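Okay, structure first, notes after.
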Amino acid sequence: MEKYLRGLRQGLLFACIFCLSVTHVLRAQANELDNVRISVTFNKVSLSQALEIIGQKSNWGITFDDGDVAISRPITYQANNTSVTDILHYILKETSLNFKTYKTTIVIYHAKEQIITGRVLDNKGLPLIGVNIIEKGTHNGTNSDASGHFSIKVSDNAILVFSYIGFATVERAAAANMSVTMQEDMGKLNELVVVGYGTQKAKDLTGSISHIDMKGKENSATTDLVAALQGITPGLNARSGSMAGETGGLSIRGKTSLSASDVPLIILDGVIFNGSTADLNINDIASVDVLKDASSAAVYGSRSANGVLVITTKTGSSDKPTFNLNAYYGSQDHANTQMTKIMNAEQYARRLVDYYYQQDLYSWYATGPASADNRPVRPDVNDKEVVASYLRTDEEKTNYLNGYQINWLNEVFRKAPIQSYSLSVSGKTPRTNYYLSTSYADQQGIIVNDQFKRLTFFAKFENKITDWLKIEFDPTFTHRDYSGLETSLANALIASPLGNKYNEAGQFPVYIASESYAYHPLAHLYVSDKEPIDNLNLVLKGRMRIPKIEGLEYEFNYNKNYIFNRHFQYFPKAIAEGSQVNGSAGKTIKNQTKWLVNNIITYKHTFNKIHSIDVTLLHSDEELTSETTAASGTGFNSEKLGYNALELAEVQTSSSAGSREYTRSFLGRVNYGFRDRYLLTATVRRDGYSGFGSNKKWGSFPSVSLGWVMTEESFMKVKWLDFLKLRLSYGTNGNQGIGAYNSQAEMSSTNTVFGANTAIGLYASSMGNDDLGWEKTKSVNAGIDFRVLDSRISGSVDVYNATTTDVLVERAIPTISGNSSVWDNIGGIKNHGVEVSLETQNVKQKDFNWTTGFVFAINRNKITKLYDNVTQDIGNGWFVGQSINSVYGYETQGIWQEKDLFNKTIMAGSYPGQFKIKDQNGDAQITADGDRKILGSTDANYRFSINNTLSYKRFSLSIFLNSVQGGNGYYMASNTGVLVTGGTDKAYRLNRPNVRAYWTPDNPVNDAPGMYYNPKIAPSVYQDKSFVRLQDVTLSYNFNNKVIKKWGFNNLRFYVSGRNLYTWTKWAGWDPDGGPGVTSPMIRSFIGGVNTSF
């Protein structure tokens, strides 16, 4: 721990020294009046005298015409440590004089002010709202109103600069009754896209990259970036978490590995990001670029096989300091789901009657009856005394007869608040660009005691030290707090509705209705739980323009990252987990440190106005170290200090671990363009990773891509076709997601008792492999980008095919070898798909606009090869020629009915009320070897989303639908625990789901077995998880700029937003978009907020 604290102190000291150094350099070299501060006292002095004093104290030259300043009034004024700019504004405010700077000289000149009015229109003559209008060279500015009109007071001979997102900037000399027409700059074609260690215009891209503008995403009720990206772009598969502060899951273009990680690499402002997306404040993010094909991602070689997510944060954009505030507050509950259907008291009691009754039926069925004659009679379930006699405890019987019941789901679920506040200040001068922000988020989960709090601080300082040197410093700190152990939803699902919430002492009983399986659902409220996570990230960048060689630059990046993770818990004797061991406590501390150094050389130049070249060379080193210490204890005679007194435990255990991994990389990339028409990108990257075997530590990853902008050809000058580009790429990416030491032999420990002593023994658990190396994915991508009908319709289509070889797999080996497993490069995988993105401007009028975005993606994968000529690995669910995520099991054909028994067509050994399993090989018996088959896959069949944005005057409405579809055996999942209420032990002792009615002779359903269900083989029950979800709806109102400027605001917007409002699905589980084993419902949110700048 001391090592990490020492490192933290060094990092903070480094940050302070840097800030002080930059401040000193700026003060010493500043040629901006904003950075020069002086103190003056004027007592009835002339303007000329005041100006001379200012010049002397500021060490700036000052020049003026004596005639201009002679007629001014005497000046009385005092200022302490005030910028020269502010002083000059004050002493000149009652004159017609103004000032400007030239190098280090202040020039005072006579300015005639005039009021300029006008209107700003687009190229179709429609008004543009909110155009930024600045008097060039000053801080004087305004914005156009809802009808495009503006009014501004400017000096004589002023130049006005008109800027607006999506339009080319216009400069015009100020004149009376101006009419300014702004031209679209081909929309998204000229926006900069981050391509890895650099940027390119969208129209010049040759790879498959999706650019996501994050504007407006901050108004959604989510604290995590992953949830904000759901369904936005094809190929990016994001799902939100179901707990407070949970990050969910993220993948790009499906799965390409069997055992190695499939999580995409995340880049934050050009540097590999080692934290969680939960550390990021969405308000700070300007854009996200998704690098999907091999050519685009190959620049990150070693970890790019799963795609790359490049996050770009905001920078200063206004000459004046601009404050931005986004705040919202709202409420959350669980989204619609069938999982909340559990048995009430009456159903719970009657199920025991049927449990015993159906046992009697089994005995009768075993006699081979030919008809229902003499069938045992079901007890009278309408007689409460009869039903009560079947209940297992006096507590349940008393409550049942008294009509008392409790719905435990209502006890653990709640309507929970969510709130978020984000404040930033940003700006720029000719030499400085800055952005600082802080945010606070507080999300209470929809399960009682599920809590998440986050505090973030983020800053970006860029300073132009000289004309050839820029320095940037980006410090970030995030504190996340997950303290508080949520109450148990799992226990609420199985607890008896006839149990008591409190015991006689007014406390929660350890078990519900004395059932040792049924822990009290609310017992975790008694647990002491502390789980803070701190992330400190420091980035220093230097960019140097090499003199005398135009276009040649050197960039240096240094990143130091510290993550401190602590988790402390104490389970008291008053709850089940603690009562079994007389109290249980644990402390786990994990610290992680990363440093990274990038050395980047770039050369950009255009020859003869037709040949453009962009060369990038990189050398990178990265080291990641981690240390974990854990201590625990059981058996506490005193519980007062809990986890803070582990030494009081009767049984004490401790463990520790540490790791270090190192990556070194070299990269060369060339971008070439001819007449902006023919485009080429070629990349070679070589990586070395310490985690691989001694013989295979290095890997090479080449790629090449081509682009042809067909609309630059003379024969493609078609009036309705605005832009058309063809793309083709081929490349190799690598995957190193196996951990630091999996190529080496691993030992595990075990405890053995000898008499009164305990000995610690070691045994081999995993065999080493010196030839363990890179998993490589080679892929081909063909794409087309288009814009037609004056950009009213635009989009892209991509088709890709990827082949993974040397697949990283942890496979079992015979224990006779002395080991149980080994990591190896074996097998192969193929992955292919199609992605479509379409955007249409349906209506574009003066007061009403309507745009639609449509996204579609389909992905398929299959295993092409396993190991040692094996074609199937049933234990892992791997089959050559089939999907990685195949579903393998028994096929059911409904439920055996009594008529099947009576007419002798029932399978031998089966009874009515049991699943009818298909006899695949026709041998009149059901066996694991002969009757299981591949039923389908958990992979989606296809995905699509539709986003409609409508605006009317100052109102804006966004409606977003997201969908994942199955069918034809796709997007299946086992849901046996929900759909099958019967069984033996659990059906007898615990409450059961009530989604499907269970089988009885009087209710012979064909999709669920009986309450007493004890077959020789119990097949899983699968469901299609297809869904369509109303994911986001946001309504906002923008106030009139003229009105809010009087209040001191630049803009003001109120909004209301709903998330996960409704899901149309036949899936009976919690969330059809959830990952494997999801055990809680999706969160539905409603918020109201305000977004303003001033």
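What follows draws every value from the coordinates through simple rules; no lab data is involved. A quick note: this is a predicted structure, and the numbers were derived from the prediction, not measured. Here the Cβ is made from the backbone with ideal geometry for all residues, glycine too, and neighbour counts use every protein chain on show.
Counting only residues at least eight positions apart within a chain, or on another chain, the aspartates and glutamates with an alpha carbon under 20 Å from that of Lys44 are Glu52, Asp66, Asp68, Asp86, Glu94.
If R0 is 60 Å, the Cβ-Cβ spacing of Gln359 and Val834 corresponds to a FRET efficiency of close to 0.65. Among beta bridges from DSSP that stay inside segment 953-1094, the antiparallel ones total about 95%.
If both residues of a DSSP beta bridge must be in the chain, then about 95% of such bridges are antiparallel. The Cα atoms of segment 842-926 give a gyration tensor whose axes a ≥ b ≥ c have a/c of 1.5 or more with a/b no greater than b/c, which makes the shape oblate. Across segment 316-467, Cα-Cα distances exceeding 20 Å account for 72% of all pairs.
Applying 1/(1 + (r/R0)^6) with R0 = 25 Å to the Cβ-Cβ distance of Tyr90 and Lys1042, what FRET efficiency is obtained, to the nearest 0.05? Spell out each step's value before the answer.
On the way: r = 27 Å, r/R0 = 1.08.
The value I calculate is 0.40.
Annotation: aspartates and glutamates with alpha-carbon distance below 18 angstrom to Lys717 (same-chain offsets under eight excluded): Asp676, Asp785, Asp790.
Its alpha carbons give the chain an Rg and a Dmax of 34.6, 124 Å.
Ranking Ser743, Ser276, Ser179 by Cβ neighbours within 10 Å, fewest first, what do you get? Please report the intermediate quantities before stating the final value.
On the way: Ser743 26, Ser276 18, Ser179 11.
If I rank by nearby Cβ atoms, fewest first, I get Ser179, Ser276, Ser743.
So how many Å³ per residue does the convex hull of the Cα atoms of segment 805-947 work out to?
Numbers: hull volume 32.5 nm³, N = 143.
Value for segment 805-947: 227 Å³ per residue.
Cβ-to-Cβ counts within 10 Å put Tyr517, Tyr365 in ascending order as Tyr517, Tyr365, the fewest first.
Taking a temperature of 20 °C and a viscosity of 1.002 mPa s, what whole-number D in µm²/s does Stokes-Einstein yield for segment 114-185 with Rh from Kirkwood over alpha carbon pairs?
Numbers: Rh = 11.9 Å.
Answer from the Stokes-Einstein relation: 181 µm²/s.
Per-residue ellipticity at 222 nm computed for the chain from its helices equals -3500 deg cm²/dmol, with DSSP H segments shorter than 4 residues left out and the rest contributing -39,500 (n - 2.57). Segment Gln114..Tyr554, full-extension length gain: 153.7 nm, with 0.36 nm per residue of separation and the alpha-carbon distance subtracted. Placing dummy labels 7 Å off each Cα toward the beta-carbon, the span from Trp720 to Lys415 is 5.3 nm.
For the chain, the relative contact order works out to 10 percent when only alpha carbon pairs closer than 8 Å and six or more residues apart are counted.
Fewest Cβ neighbours within 10 Å first, please rank His611, His110 accordingly. It would help to have the intermediate numbers written out before the result.
Details: His611 12, His110 15.
Ascending number of Cβ neighbours within 10 Å: His611, His110.
Looking at segment 330-363, the trypsin sites (Lys or Arg not before Pro) that sit in a DSSP loop and have at most 15 other Cβ atoms within 10 Å of their own Cβ are Lys341. Put the Cα centre of segment 954-1004 next to the Cα centre of segment 585-656 and the gap is 39 Å.
I want to verify the translational diffusion coefficient of segment 224-347 in µm²/s; compute it with Stokes-Einstein, Rh as the Kirkwood radius over Cα pairs, at 37 °C and 0.692 mPa s. Before the final figure, lay out each step's value.
Working: Rh = 17.3 Å.
Stokes-Einstein gives a translational diffusion coefficient of 190 µm²/s.
Note on Asn1051 and Ile813: their simple-model spin labels are 6.1 nm apart, each label 7 Å out from Cα toward Cβ.
Round to the nearest 0.05 the FRET efficiency obtained for Val799 and Met710 when R0 = 22 Å and r is the Cβ-Cβ distance. Walk me through the intermediate numbers first.
Numbers: r = 18 Å, r/R0 = 0.80.
Result of the calculation: an efficiency of 0.80.
Each of Ile610 and Asn637 was given a label point 7 Å from its Cα along the Cα-to-Cβ line. The distance between the two points is 9.4 nm.
To make sure I understand the rule: partners must be aspartates and glutamates, Cα under 20 Å from the Cα of Lys530, and not fewer than 8 residues away in the same chain. Which ones qualify? List returned: Glu246, Asp279, Asp442, Asp450, Asp481, Glu486, Glu577, Glu627, Glu639, Glu647. With 21 Å as the limit on Cα-Cα distance, the pairs of Lys541/Lys697; Lys314/Lys725; Lys953/Lys1042; Lys314/Lys604 that go past it are Lys541/Lys697; Lys314/Lys725; Lys314/Lys604.
For the pair Gln56 and Asp333, the difference between a 0.36 nm per residue extended length and the Cα-Cα distance amounts to 93.1 nm. Among 443-455, 596-608, 941-953, 567-579, the peptide with the highest mean count of other Cβ atoms within 10 Å heads the list, and the full ranking is 443-455, 567-579, 941-953, 596-608.
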